[in-house]
Amino acid sequence: MNKGLPKRSENYSEWYNELVKRADLADHSDVRGCMVIKPYGYSIWEKMQQALDKKFKETGHSNAYFPVFVPKSLFEAEEKNAEGFAKECAVVTHYRLKTDPYKKGQLIVDPDAKLEEELIVRPTSEAVIWSTYKKWIQSYRDLPLLINQWANVVRWEMRTRIFLRTAEFLWQEGHTAHATQDEAMQETLTMLEVYAEFAEKYMALPVIKGRKTENERFAGAVETFCIEALMQDGKALQAGTSHFLGQNFAKAFDVKFSNKDNTLEYVWGTSWGVSTRLMGALIMAHSDDEGLVLPPLLAPIQVVIVPIFKTAEQLNSISEKAQHIKKLLEEKNITVKYDNSDKQTPGFKFAEYELKGVPLRIAIGPRDLENNTIEIARRDTKEKKSIAFSELVHIVPQWLSSIQENLYQRALNFRSKHTHICDSYGQFQKILDNEGGFILAHWDGSPETEEKIKEETKATIRCIPLDFKKENGKCIYSGKPSVGRVLFARAY
RNA sequence: CGGGGUGUAGCGUAGCCCGGUUAUCGCGCCUGGUUUGGGACCAGGAGGUCGUGUGUUCGAAUCACACCACCCCGACCA
């Protein structure tokens with residue numbers, strides 16, 4: 001029959017790919033490495049956007065939009081940043097096609113339409129934005145400048161995975177400018193906190209906040225902060241980043257302001273972003289072998305009502321009841337779908353909505369009409385229960401918040417179970433090969449050691465946790481002294 | 001870019017080694033009927049540049065060469 005998904009335990013990446021397709025989240029496109037986000041998948045992204053955007057506004061930011069093309073000269077202005085992205089940039093060199101004189105009906109690039117200066121398709125927008133900020137900022141009165149944009153970016157990756165690493169992806173990028181270092185650093189940490197809260201509250205995804213090592217830092221940043229999450233296969237996923245840019249971009253783009261003493265100073269910058277990669281995180285954190293499992297706060301459909309009927313008369317009376325339920329729940333701001341289609345059997349629908357991760361299912365059949373009951377089933381635990389109709393308006397909201405809470409707890413338990421404190425390199429390797437997960441271990445602080453460990457084990461330092469405790473120890477690799485444990489894992 | 005692999009209906013595939021009539025099967029799709037409390041059943045039907053090109057041959061999905069695309073593994077990365 002081949003109706004089920006591949007099992008996570010047998011082939012995790014195949015499970016993931018199939019799930020993305022079968023749950024109608026996204027498709028591979030005709031362009032290598034790019035994806036088509038389908039309506040159901042996109043509506044989850046929209047939910048994420050709404051929650052985040054609200055937070056951004058609450059923290060004082062405004063949305064704006066900057067162009068997708070970056071003139072090469074602007075792009076190369078901040079050297080480190082340019083260098084970091086150079087290898088994965090798509091470049092526009094011409095602005096016109098013409099019909100092929102030799103092959104009828106085909107087009108070729110018009111060699112006469114070569115651009116004076118090549119345009120880089122943005123892999124990130126620091127360059128365009130900072131060159132604009134130069135025009136916007138003159139005085140301390142213009143600061144802080146707090147801008148966010150929702151946009152697409154292109155990074156020509158060699159290997160892509162749907163949602164996790166695609167050549168084009170959607171994201172938001174915040175870019176702020178400040179008068180003082182402290183304020184910029186504060187902003188960096190505030191936005192990291194916004195991301196962490198969003199991940200935990202909405203995505204039901206526990207994350208570890210931390211600081212990136214020099215090797216893993218954003219090119220052009222002085223300091224990069226991140227939230228790191230653990231997926232069910234034991235691999236880590238960076239779910240969001242927030243960068244303290246220091247004065248790097250201000251200097252590169254000559255963005256200065258007059259302070260109150262009328263002296264010119266470079267402004268301090270930050271940038272921060274989360275992308276459609278969060279979709280991948282959401283999928284891999286909660287879903288099971290039956291399909292997607294969505295936290296109610298991000299589920300496009302929170303409750304689905306499935307009628308069970310034999311005759312048209314039965315369907316009519318069930319529909320009446322179902323519409324009534326739908327209205328009652330919608331009054332409580334719950335998103336409800338009543339699936340009265342007679343094209344599929346109830347069993348098919350049950351499986352379908354499980355595949356799509358709808359948190360709660362209500363079934364109503366002739367027996368329920370007689371007894372004035374309904375059947376309610378939750379996606380996360382598969383618990384199924386017959387309840388009195390009158391209980392419905394209380395139980396549904398209760399179960400929805402219970403699902404949200406349970407998903408978070410489940411993920412948190414998983415993470416605890418798969419976070420190891422490790423003091424020997426041999427054990428370190430064994431853990432990575434056997435079960436994966438996070439490993440807290442001592443590190444001597446040198447990029448060389450980090451690099452060696454990466455080469456030998458494929459594990460990287462995900463971050464130096466913000467709640468890092470001072471603890472004297474010996475580096476797991478070099479044996480040199482260390483002042484605290486850092487977080488290692490193999491990562492996406 | 002290196003190493004391996006795969007291209008046959010919307011999807012997944014058999015056939016290829018060893019060339020030979022009408023290209024296999026499942027899912028999906030369409031029509032009709034019976035069904036419907038966990039992925040229904042029966043009957044009928046539609047759907048194909050066998051990745052592209054060139055060659056070998058009386059004859060190519062099958063053999064040869066070239067090209068293209070995609071997937072997996074590595075180097076690179078949110």
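In the range A:152-175, how many are near RNA strand B (Cβ under 6 Å from one of its atoms) and open to solvent by 50 Å² or more (accessible area, probe 1.4 Å)?
Pass one, the range A:152-175, residues near RNA strand B (Cβ under 6 Å from one of its atoms): A:155, A:157-159, A:165-166, A:169.
Of the ones still in play, those that are also open to solvent by 50 Å² or more (accessible area, probe 1.4 Å) are A:158-159, A:165.
Qualifying residue count for the region: 3.
From the set of residues in the range A:347-370 that are open to solvent by 30 Å² or more (accessible area, probe 1.4 Å) and in contact with a helix residue (DSSP H, G or I) (Cβ under 9 Å, 6 or more places away or on another chain), which is nearest to RNA strand B (Cβ to nearest atom)? Even if it seems obvious, please write down each step before you answer.
Kept after step one, since they are open to solvent by 30 Å² or more (accessible area, probe 1.4 Å), are these residues of the range A:347-370: A:347-348, A:350-352, A:354, A:356, A:366-367, A:369-370.
Keeping just the survivors that are in contact with a helix residue (DSSP H, G or I) (Cβ under 9 Å, 6 or more places away or on another chain) gives A:356, A:366, A:369.
Numbers: A:LYS356: 9, A:PRO366: 5, A:LEU369: 7 Å.
Per the criteria, the residue is A:PRO366.
In this structure, is A:LYS114 open to solvent by 50 Å² or more (accessible area, probe 1.4 Å), modelled with pLDDT of 95 or more and over 21 Å from A:ALA285 (Cα atoms)? It would help to see each step written out before you state the result.
Numbers: open to solvent by 50 Å² or more (accessible area, probe 1.4 Å): yes; modelled with pLDDT of 95 or more: no; over 21 Å from A:ALA285 (Cα atoms): yes.
No; evaluated as a whole, the condition is false for this residue.
Mind checking whether some residue in the range A:129-139 is within 16 Å of RNA strand B (Cβ to nearest atom), open to solvent by less than 40 Å² (accessible area, probe 1.4 Å) and part of a strand (DSSP E or B)? Talk me through it step by step, then tell me what you get.
Filtering the range A:129-139 down to residues within 16 Å of RNA strand B (Cβ to nearest atom) leaves none.
No; the residues of the range A:129-139 include none that is within 16 Å of RNA strand B (Cβ to nearest atom), open to solvent by less than 40 Å² (accessible area, probe 1.4 Å) and part of a strand (DSSP E or B).
Just a yes or no: is a residue in the range A:149-160 basic (Lys, Arg) and not in a strand (DSSP E or B)?
Initially, the range A:149-160 is screened for residues basic (Lys, Arg), giving A:155, A:159.
Filter once more, keeping what is not in a strand (DSSP E or B): A:155, A:159.
There is at least one residue in the range A:149-160 that is basic (Lys, Arg) and not in a strand (DSSP E or B).
So A:ASN248 ticks every box in (1) within 12 Å of RNA strand B (Cβ to nearest atom); (2) on the phi < 0 side of the Ramachandran plot; (3) in contact with a Lys or Arg (Cβ under 8 Å, 6 or more places away or on another chain) but one. Which box is left unticked?
(1)
Looking at A:LEU328, is it more than 11 Å from RNA strand B (Cβ to nearest atom), in contact (Cβ under 8 Å) with a residue 40 or more places away in the chain and surrounded by fewer than 16 Cβ atoms within 10 Å (Cβ to Cβ)? Spell out the reasoning first.
Working: more than 11 Å from RNA strand B (Cβ to nearest atom): yes; in contact (Cβ under 8 Å) with a residue 40 or more places away in the chain: yes; surrounded by fewer than 16 Cβ atoms within 10 Å (Cβ to Cβ): yes.
So A:LEU328 fits the description; yes.
Among the residues that make up the range A:325-332, is at least one of them under 30 Å from A:TYR12 (Cα atoms) and within 34 Å of the chain's Cα centre (by Cα)? Write out each step before concluding.
Taking the range A:325-332 and keeping what is under 30 Å from A:TYR12 (Cα atoms), we get none.
No.
With the requirement that a residue be among the hydrophobic types (A, V, I, L, M, F, W, C), open to solvent by 10 Å² or more (accessible area, probe 1.4 Å), away from RNA strand B (no atom under 15 Å from the Cβ) and in a strand (DSSP E or B), what does the range A:457-492 give you?
Of all residues in the range A:457-492, those among the hydrophobic types (A, V, I, L, M, F, W, C) come to A:459, A:461, A:463-464, A:466, A:468, A:475-476, A:483, A:486-489, A:491.
Then keep just the ones that are open to solvent by 10 Å² or more (accessible area, probe 1.4 Å); that gives A:464, A:466, A:468, A:476, A:483, A:491.
If we keep only those that are away from RNA strand B (no atom under 15 Å from the Cβ) as well, we get A:464, A:466, A:468, A:476, A:483.
Across the range A:457-492, the qualifying residue is only A:ILE464.
Which condition from (1) among the hydroxyl-bearing types (Ser, Thr, Tyr); (2) assigned to a loop (DSSP other than H, G, I, E, B); (3) crowded, with 16+ Cβ neighbours inside 10 Å is the one that A:SER9 breaks?
The single condition A:SER9 does not satisfy is (3).
Pick out the one residue from A:LYS98, A:LYS21, A:LYS38 that is outside the structural domain of A:ALA219 (by TED's automatic domain parsing), at pLDDT below 95 and basic (Lys, Arg).
Details: A:LYS21 fails: outside the structural domain of A:ALA219 (by TED's automatic domain parsing); A:LYS38 fails: outside the structural domain of A:ALA219 (by TED's automatic domain parsing).
Just a single option satisfies the conditions, and that option is A:LYS98.
What are the pairs, 6+ residues apart or on separate chains, where a residue within the range A:249-277 that is without any contact (Cβ under 8 Å) to a residue 60 or more places away in the chain has its Cβ under 8 Å from a residue that is basic (Lys, Arg) and surrounded by fewer than 22 Cβ atoms within 10 Å (Cβ to Cβ)?
A:LEU264/A:LYS256; A:TYR266/A:LYS251; A:TYR266/A:LYS256
Name the one entry in A:ILE305, A:ILE334, A:ILE283 that is surrounded by 21 or more Cβ atoms within 10 Å (Cβ to Cβ), more than 12 Å from RNA strand B (Cβ to nearest atom) and of a type in the set (Val, Ile, Thr).
Working: A:ILE305 fails: more than 12 Å from RNA strand B (Cβ to nearest atom); A:ILE334 fails: surrounded by 21 or more Cβ atoms within 10 Å (Cβ to Cβ).
On inspection, the qualifying residue turns out to be A:ILE283.
Give me the residue from the range A:371-395 that is among the charged types (D, E, K, R) and more than 23 Å from A:SER319 (Cβ to Cβ) and, out of that set, nearest to RNA strand B (Cβ to nearest atom). Give the steps one after another, and end with the answer.
Going residue by residue through the range A:371-395, those that are among the charged types (D, E, K, R) are A:375, A:378-380, A:382-385, A:391.
Going one step further and asking which of them are more than 23 Å from A:SER319 (Cβ to Cβ), we end up with A:378-380, A:382-383.
Numbers: A:ARG378: 10, A:ARG379: 9, A:ASP380: 12, A:LYS382: 7, A:GLU383: 10 Å.
Step by step, filter the range A:371-395, then rank; the result is A:LYS382.
Kindly check whether there is at least one residue in the range A:232-240 that is open to solvent by 10 Å² or more (accessible area, probe 1.4 Å), under 22 Å from A:TYR133 (Cα atoms) and touching a strand residue (DSSP E or B) at 6+ places or on another chain (Cβ under 9 Å).
no
Please go through the range A:12-33 and pick out each residue that is under 15 Å from A:PHE169 (Cβ atoms), within 11 Å of RNA strand B (Cβ to nearest atom) and crowded, with 16+ Cβ neighbours inside 10 Å.
Matches in the range A:12-33: A:HIS28, A:GLY33.
Residue-by-condition table, conditions (1) under 18 Å from the mean Cα position of the chain (by Cα); (2) surrounded by fewer than 20 Cβ atoms within 10 Å (Cβ to Cβ):
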{"site": "A:ASP182", "(1), (2)": "no, yes"}
{"site": "A:GLN186", "(1), (2)": "no, yes"}
{"site": "A:GLU200", "(1), (2)": "yes, yes"}
{"site": "A:LEU205", "(1), (2)": "yes, no"}
{"site": "A:GLY210", "(1), (2)": "yes, no"}
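The values are calculated or read from the model by the stated rules, or taken from the named source; none is laboratory data. For clarity, every value in this text was computed on a predicted model and none was experimentally measured. Positions of Cβ are generated from backbone atoms using ideal geometry, with glycine treated the same way; all protein chains shown enter the neighbour counts. Surface accessibility is based on the protein's heavy atoms, side chains included, excluding ligands, DNA and RNA. Shrake-Rupley method; radii C 1.70, N 1.55, O 1.52, S 1.80 Å.
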